[in-house]
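Q: What follows is a single structure, and I will ask about it in a moment.
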Amino acid sequence: MSSSKVDYSVVVPVFKGSSTIKDLTIRVDKVFTDINKTYQLIFIDDASPDNSWEVLKEIKSSNKHVSAIRLKKNVGQHKVLQCGFRYAKGKGVITLDDDLQNPPEEIPKLIEEFEKGNADVVYSVPESKEQSWARNFGSKMIEKLFKRFASTPGRGSSFKLIDRSIVDEIKYLNYQYAYVDEWISWFTTQYAFVTTDHLAGEESRYSFGKLLRMTYRITFLYTTLPLKIITWTGALTAIVSILLAAFFLYRKYMYGSALGFTSLIISISLSTGLIMASLGVIGEYIARIFSTQNKRGYFDIEEVLE
């Protein structure tokens with residue numbers, strides 16, 4: 001890898017992006033030519049099942065600004081970004097999806113805000129997202145979840161500009177499940193937000209099942225929400241149990257009635273279920289610790305074109 005520096009690096013995860021990455025390359029090049037900034041465009045092919053890698057090799061052969069990395073197996077968007085960060089040379093690193101829903105022509109807005117020097121990270125905030133109501137609802141719920149129970153700002157998108165110093169901090173972090181926005185929040189609270197266009201594109205490459213699994217994983221790895229739920233549920237169960245015990249003792253004292261088999265079975269079932277659920281949540285956290293300690297967070301690179 002060359003030691004030469006550029007003003008900005010643009011990191012683009014690629015998955016089934018063969019139909020869009022040529023256009024993206026042309027538009028990114030025009031943007032940086034117009035604003036007179038040097039740049040580096042890094043594509044990371046996340047083991048795409050289509051011909052994205054062949055298209056990338058063609059792009060690379062005719063564009064000196066392009067670097068392309070192909071991974072041996074699919075690892076997901078955030079781990080792909082971490083891979084791209086290791087090859088980035090710019091003083092600022094821009095992350096951009098390959099589907100053109102975030103137009104490259106909006107990059108100057110991020111750069112203008114970044115060069116004011118008041119923020120380590122500039123997030124794009126779409127004025128309105130051209131995607132299904134279900135996807136918008138899911139995005140809002142995830143933002144609120146991580147703003148409340150993690151350290152992320154709870155706004156923004158995958159289109160952002162990150163200072164070199166933050167990229168250097170996170171590019172070698174070793175976690176099985178990567179979540180770049182949470183990692184960023186570990187090293188800075190200096191954020192800025194700019195409003196950008198968000199265009200309609202092809203159907204999301206994240207199925208509902210994939211989004212659900214990703215949320216599940218990062219919830220356990222980067223938030224304490226499940227443990228808080230156990231605490232709240234345990235406290236509520238204790239209160240209910242005390243009230244029930246008082247109620248049955250009152251009935252026995254006042255009316256001499258038996259405590260009853262039904263109440264006993266309900267109490268045992270409730271407490272057993274709570275204990276098993278609590279053990280399951282604790283087990284999930286232990287599994288995440290085990291994965292991290294055993295260095296299972298890396299990715300394998302098949303080929304690099306620089």
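Q: Sort out which residues of segment 44-68 are free of Cβ contacts under 8 Å to residues at least 40 places away in the same chain and in contact with a Gly (Cβ under 9 Å, 6 or more places away or on another chain), and write them in order of number.
A: Within segment 44-68, 45, 46, 48, 50, 52, 55 qualify.
Q: Within segment 33-44, does at least one residue satisfy the condition of being in a helix (DSSP H, G or I), under 24 Å from the mean Cα position of the chain (by Cα) and at pLDDT 95 or above? Quick ask: steps written out before the conclusion?
A: Applying the first criterion (in a helix (DSSP H, G or I)) to segment 33-44 yields 33-34.
Keeping just the survivors that are under 24 Å from the mean Cα position of the chain (by Cα) gives none.
Scanning segment 33-44 turns up no residue that is in a helix (DSSP H, G or I), under 24 Å from the mean Cα position of the chain (by Cα) and at pLDDT 95 or above.
Q: Please pick out the residue among 61, 18 that is touching a helix residue (DSSP H, G or I) at 6+ places or on another chain (Cβ under 6 Å) and either outside any strand (DSSP E or B) or open to solvent by 60 Å² or more (accessible area, probe 1.4 Å) (or both).
A: Values: 61 fails: touching a helix residue (DSSP H, G or I) at 6+ places or on another chain (Cβ under 6 Å).
After ruling out the rest, the residue left standing is 18.
Q: Being over 30 Å from residue 227 (Cβ atoms), loosely packed, with under 14 Cβ neighbours inside 10 Å, at pLDDT below 90 and of a type in the set (Ser, Thr, Tyr), is that true of even one residue in segment 147-170?
A: No - not one qualifying residue is present in segment 147-170.
Q: Which of the residues spanning segment 78-105 are surrounded by 19 or more Cβ atoms within 10 Å (Cβ to Cβ) and in a helix (DSSP H, G or I)?
A: Within segment 78-105, 78, 79, 80, 81, 82, 83, 84, 85, 104 meet the criteria.
Q: Now for a different question. Taking into account only those residues within segment 21-36 that are without any contact (Cβ under 8 Å) to a residue 60 or more places away in the chain and within 19 Å of residue 48 (Cβ to Cβ), which is surrounded by the fewest Cβ atoms within 10 Å (Cβ to Cβ)?
A: That would be 22.
The values are calculated or read from the model by the stated rules, or taken from the named source; none is laboratory data. For clarity, every value in this text was computed on a predicted model and none was experimentally measured. Neighbour counts run over all protein chains shown; Cβ positions are idealised from the backbone, glycine included. Remember, those area values only see protein heavy atoms, side chains included, never the ligands or the DNA or RNA. Shrake-Rupley method; radii C 1.70, N 1.55, O 1.52, S 1.80 Å.
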